[in-house]
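Below: one structure, written as structure tokens.
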Amino acid sequence: MEWKREELRVEKEIGEPILVVENAMKAFGGLQALNNISFEVRRGEILSIIGPNGAGKSVMLNCINGLPGYRLDSGRIVFDGQDITNWPPHKRAHIGISRTFQKIELFGGMTVLDNVKLGRHMKMNTGWWDGGIYWGKAVKEEAKHRKWIEEKVFETCEIEIYRNRITGMLPYGVQKRIELARALAMGPRLLLLDEPMAGLNLEEVEDMTRFILDANEEKEWNCTIILVEHDMGVVMDISDRVIVFDWGAKIADGPPEEVQNKPEVIRAYLGEVEETYITRR
Amino acid sequence: MVHFTEIVITGLLVGGIYAAIALGWAIIFKTSGVINLATGELTMIGGYTCFALYSFGLPFIAALLGMLVIAILVGILTERLWLRPMIGEPVLSVIMVTVGISFAYKAIVALIWGADTRVFSPPVFPLEPLMLGPIHISQVFLYSFLVAGIMMAVLIYFFQRTRTGLAMQATADDEMAARSMGIPASSVYRWTWIIAFMSCGIAGALLGNINGLNISISYLGLLVLPAVVIGGMNSIPGAVAGGLIIGVLENLGDAYISPFFPGGVKTTFPFLVMLIIMLWKPYGFWGWIKIERM
């Protein structure tokens, strides 16, 4: 990509920590997937987690999201002052944690609009009676949310033209965007993105980068973002901070430029000879 | 011709009851991917509890409503005790659990009510048939059809138009995504079992009025399987339509084929048709055809 990090960044305020992970331990059988991991994410920043395959990045994300089977063996996860370590995923969604998946998990049989609307369902209050007869309050509420989705979400992710298509039949790159749109529709405070660039072509990567920055910077969203990504160009361009995992342990934590030049990072992740990889732009 | 019309109409009316059982199959399969082999036992429990309440002297409608309340409780209990711990386990293991549930429930019912056939007495519905022109329609069948129809309309309404129903559909499509979007999967499964129990229970109570009740009513669950398969395992309206089709097929087979091949045609004929339809439409008439993008 031809742009430079400095051109992409806007001045923004990075606040106090919104998510704190303390001494997280997680083992699967004999494999220590997370080994005493601690870090914090500050309000408003884009934090990238990088590391070789199998380093525990996605495990960390799933633990923050609370998927079944991903409860920490020990350690704590605190979100906005609340200890959410043992909360089920749906409760975490209600306090503003939203995510996309490495392997797309959309409602394949539904239309794009329905997918995104489902992301919005938590913000609706209609009971079973109003929703059922679909009259009065329910119609108004639905119209309000749909308008919001059309104006804000579709606009941000540029998927308006697909709104009535069946999701499962759309191209991969578009599905990735729809997943981001659905996650945004929940109005999250913390957005977890698991390899949003995987499988995208260069142009799609540029678009997706733009969408992620919008989600982070625009007033409408102002999401704090945790990004797990292999595309070093993107990571170095848009991250405020980067942490590096290797074999379930955190080996570096700091601004991109600093992390990039740490010898242990280069050794663990990039291989000693492949210095070109890290500077891919 | 009159004979034929009578056969088809009676078939449709009985099919209404099958449809209620088929709904029980489909709703569990749709949300959790599990083929619930205890479906017949849900029917049986519904039949016997309604019978018990009726025998206490309650009016039939009250017995039916009481049965629904018990069905809700047993549904919650079943899900909580045996299905909840199996969330996330392989589907095949869960199906084996439902086999266990089926034997256990059969045994419990036999323990309480014994193995003899029980009949609703006095009969709930008038015995003399209604005459529509030259066509005889048995009143039991007609009212059963209406009751089953109302029940299914309510359940389908619930499934399609409420937020709990929406949550069930989302979970059916992609459980992982549904969970991370604020949908509690466990409560979805609880609702699924409640609905299956209610729907099958109603069918059991109505069947009890037609043939009397005994343990073998639980085999009816399997006899309805072709309905679900023909309709498409994950389509609720498909299951209902399939139930009606099976009702008609059974009656036609009984009337026109049995005279040539005596014995059992009534129950095997729908399976034969199911086989042929499977060859032609492997997803059933209304099932999801998923074309994967590779």
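For this structure, a couple of remarks:
- Within the range B:114-133, the residues that satisfy the criterion of being open to solvent by 80 Å² or more (accessible area, probe 1.4 Å) and at pLDDT below 85 are B:SER121, B:PRO122, B:LEU127, B:GLU128, B:MET131, B:LEU132.
- Of the residues making up the range A:71-90, just one is within 10 Å of chain B (Cβ to nearest Cβ), closer than 24 Å to A:ALA181 by Cβ and either touching a Cys at 6+ places or on another chain (Cβ under 8 Å) or in contact (Cβ under 8 Å) with a residue 12 or more places away in the chain (or both), namely A:PRO89.
- Qualifying residue in the range B:221-234 (condition: away from chain A (no Cβ under 14 Å), closer than 23 Å to B:VAL69 by Cβ and not in a loop (DSSP other than H, G, I, E, B)): yes
- When restricted to residues that are in contact with a Pro (Cβ under 6 Å, 6 or more places away or on another chain) and open to solvent by 10 Å² or more (accessible area, probe 1.4 Å), the range B:238-249 contains 1.
- Among the candidates B:GLY165, B:GLY201, B:GLY208, residue that is within 14 Å of chain A (Cβ to nearest Cβ) and touching a helix residue (DSSP H, G or I) at 6+ places or on another chain (Cβ under 6 Å): B:GLY165
- Strands (runs of 3 or more DSSP E) lying entirely in the range A:209-266 (those with 1 or more residues that are of a type in the set (Lys, Arg) and either under 18 Å from the mean Cα position of the chain (by Cα) or closer than 23 Å to A:LEU190 by Cα (or both)): A:241-246, A:249-254
- Contacts under 9 angstrom Cβ, first residue in the range A:149-172 being within 13 Å of chain B (Cβ to nearest Cβ) and in a helix (DSSP H, G or I), partner open to solvent by 60 Å² or more (accessible area, probe 1.4 Å) and not β-branched (Val, Ile, Thr), 6 or more apart: A:THR167/A:ASP114; A:GLY168/B:LYS290; A:GLY168/B:GLU292; A:GLY168/B:ARG293; A:MET169/B:ARG293; A:TYR172/A:GLY199; A:TYR172/B:ARG293
- Filter result for B:ALA63 (surrounded by 16 or more Cβ atoms within 10 Å (Cβ to Cβ), in contact with a Leu (Cβ under 6 Å, 6 or more places away or on another chain) and over 15 Å from B:VAL224 (Cβ atoms)): yes
The values are calculated or read from the model by the stated rules, or taken from the named source; none is laboratory data. Just so we're clear, the structure is a prediction, and the values are computed from it rather than from any experiment. Heads up, the Cβs are rebuilt from the backbone with ideal geometry, glycines too, and the neighbour counts pull from every protein chain shown. All accessible areas refer to the heavy atoms of the entire protein, side chains included, with ligands and DNA or RNA removed. Shrake-Rupley method; radii C 1.70, N 1.55, O 1.52, S 1.80 Å.
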